[in-house]
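What follows is a set of notes on a single structure, which appears directly below.
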Amino acid sequence: MNWSLNLDKMMPAPLRVLLKGAGQVVFCNNAVTGLIVLAALYAGGTVTGLAATVGLISSTMTAYACRFCQDDIDAGLYGFNGVLAGACLSIFLEHTPQLWLYIVLASMLSSLMWAALTRMLRFFNMPAATSPFVLVSWVFLVTIYAFDSYALGPALPAASMQSTAMNIGALSLEAWLSTLAKGIGQVIFTDNTLAGGLLLTGIAIATLRGALMVIGGAFIGVIVPALLGVHASAIEAGLYGFNPVLAMIAVGWVFFEPSAKSALLAVLAGILAVLWQTGLTSLLSPLGLPVLASPFILTLWIVLFIVSKSRLWSSPEKATEIS
């Protein structure tokens with residue numbers, strides 16, 4: 001929207017860069033969207049919001065200190081992994097003074113890893129996306145759990161598989177709206193419905209098509225796991241919603257030209273993300289690790305690889321948001 005872009009340009013450069021970094025959490029190179037993303041993080045919890053802010057500043061300052069590509073820094077590409085790493089550690093680790101040191105170190109490392117992975121994956125025409133945040137978070141969680149048995153924090157409930165499926169037909173309109181909003185909110189590790197609503201609003205300001213993809217992904221995050229027999233509590237908490245949300249917005253808006261064909265591919269990507277999550281949950285749960293956004297990343301890479309080899313598709317347009 002023009003008004004948001006105009007407001008974006010009016011902001012002081014340092015603030016604009018930081019807010020764009022927050023906006024890139026949902027693929028939006030827009031400072032207004034970034035401000036709403038931060039508001040959603042604080043709506044999910046003050047500590048989570050503060051952790052995300054510290055992560056955002058730490059990762060962005062690291063990029064400046066290392067003199068990485070200025071255009072990438074200005075676009076916020078060195079901010080979003082820090083936001084996610086900070087929020088993640090605040091959820092899965094105990095809230096001690098050491099937590100803030102972990103967040104700063106993890107966020108700084110996420111910027112270094114983003115730069116390295118971007119260069120490596122460029123040969124395969126693949127984006128690093130949120131893989132640095134996932135890898136860094138796993139390393140920190142495994143290391144801290146191994147050396148500090150009291151470091152485990154108030155983690156979200158495990159997204160486990162059960163034999164009894166949710167009865168979708170019995171859900172009320174209120175339950176549907178709540179579950180969908182929580183699925184969107186879990187992009188930033190919260191089952192807060194207000195946070196989910198804010199995220200959707202922030203995306204809609206930048207792109208209506210992207211917002212439609214988000215809603216579609218949230219629906220897939222309810223229907224598909226219910227058909228697979230996932231326990232109702234995991235679905236209701238939105239734990240199977242955020243990966244298809246990310247997959248659909250990436251495939252349906254970021255990497256491909258808007259069309260009916262790309263919309264269909266986005267739906268298939270959303271379903272694949274749920275299938276990946278069910279398998280990875282079984283694999284990672286014994287290790288005490290959350291799947292985070294790994295299903296989305298694997299889905300994105302697989303889709304981009306298949307499409308790049310298909311004669312039925314032109315080469316995917318690599319967006320600057322997560323290049």
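The values are calculated or read from the model by the stated rules, or taken from the named source; none is laboratory data. What you see is a predicted model; the values in this text were computed from it and never measured. Neighbour counts are summed over all protein chains in view; Cβ atoms, including those assigned to glycine, are modelled from backbone coordinates with ideal geometry. Side chains are part of the model used for accessible areas, which takes the heavy atoms of the whole protein and leaves out ligands, DNA and RNA. Shrake-Rupley method; radii C 1.70, N 1.55, O 1.52, S 1.80 Å.
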How large is ³J(HN,Hα), in whole Hz, for each residue of region 65-72 in order, when computed from phi with the Karplus curve 6.51 cos²θ - 1.76 cosθ + 1.60 and θ = phi - 60°, using x for Gly and Pro? 5, 8, 6, 6, 3, 5, 5, 5
For the chain, compute the number of Lys pairs whose alpha carbons are separated by less than 26 Å, excluding pairs fewer than 8 positions apart on the same chain. 7
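Could you order the peptides 243-252, 265-274 from most to least packed, using the average number of other C-beta atoms within 10 Å per residue? Don't jump to the answer; show the numbers that get you there.
Details: 243-252: 31.1, 265-274: 24.1.
Put in order of decreasing packing, that is 243-252, 265-274.
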State the answer as a single residue: which of Leu265, Thr190, Tyr78 lies farthest towards the positive end of the charge dipole of the chain, with beta carbon charges of +1 for Lys and Arg and -1 for Asp and Glu, about the Cα centre. Leu265
At R0 = 30 Å, how high is the FRET efficiency between Trp301 and Asp74 if r is their beta carbon distance? Nearest 0.05 is fine. 0.70
Between Leu208, Leu56, Leu84, where does the largest GNM mean-square fluctuation fall for the chain, given springs only between Cα atoms within less than 10 Å? Leu208
Pick from Glu174, Glu257, Glu236 the residue whose mean-square fluctuation is largest in a GNM of the chain, springs joining Cα atoms under 10 Å. Glu174
Measuring from the lowest to the highest alpha carbon on each principal axis, how far does region 173-317 reach, largest first, in angstroms? 42, 37, 23
Whole-percent tail of the Cα-Cα distance distribution for region 69-140, cut at 15 Å, equals 52 percent
Per residue of region 50-57, in order, report the coupling 6.51 cos²θ - 1.76 cosθ + 1.60 (Karplus, θ = phi - 60°) as ³J(HN,Hα) in whole Hz, putting x for Gly and Pro. 5, 4, 5, 5, 4, x, 4, 5
Dipole of region 21-159 [Lys/Arg +1, Asp/Glu -1 at C-beta], most positive-end residue of Met126, Ala63, Val32: Met126
Please give the per residue accessible area of the chain, computed with a probe of 1.4 Å over protein heavy atoms only, in Å². 42 Å²
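Taking trypsin sites (Lys or Arg not before Pro) as exposed when DSSP calls them loop (any state but H, G, I, E, B) and at most 13 other Cβ atoms lie within 10 Å, what is the longest stretch of the chain free of them, the sites themselves excluded? Don't skip to the end; give the middle numbers.
Values: sites that count: Arg67, Arg311.
With trypsin sites (Lys or Arg not before Pro) excluded where exposed in loops, the chain gives 68-310 as its longest stretch.
Please return the longest stretch of the chain lacking exposed loop sites, where chymotrypsin sites (Phe, Trp or Tyr not before Pro) count only if DSSP places them in a loop and at most 15 other Cβ atoms lie within 10 Å.
On the way: sites that count: Tyr150, Trp313.
With chymotrypsin sites (Phe, Trp or Tyr not before Pro) excluded where exposed in loops, the chain gives 151-312 as its longest stretch.
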Amide H within-cut-off set for Leu93, under 5 Å, with H built and near neighbours excluded: Gly153
Expressed in angstrom, Rg and Dmax over the Cα atoms of the chain are 18.3, 55
Whole-percent carbon and sulfur contribution to the accessible surface of the chain (1.4 Å, no ligands, DNA or RNA) stands at 69 percent
Name the long-range amide H neighbours of Val230: under 5 Å, sequence gap of 5 or more, or other chain; modelled H, no Pro or chain starts. Gln162, Met166
Starting from 0.36 nm per residue, how many nanometres of slack lie between Arg119 and Gln98 once their C-alpha separation is accounted for? 4.3 nm
For the chain, modelled as a GNM with alpha-carbon contacts under 10 angstrom, which of Gly34, Gly197, Gly21 fluctuates the most? Gly197
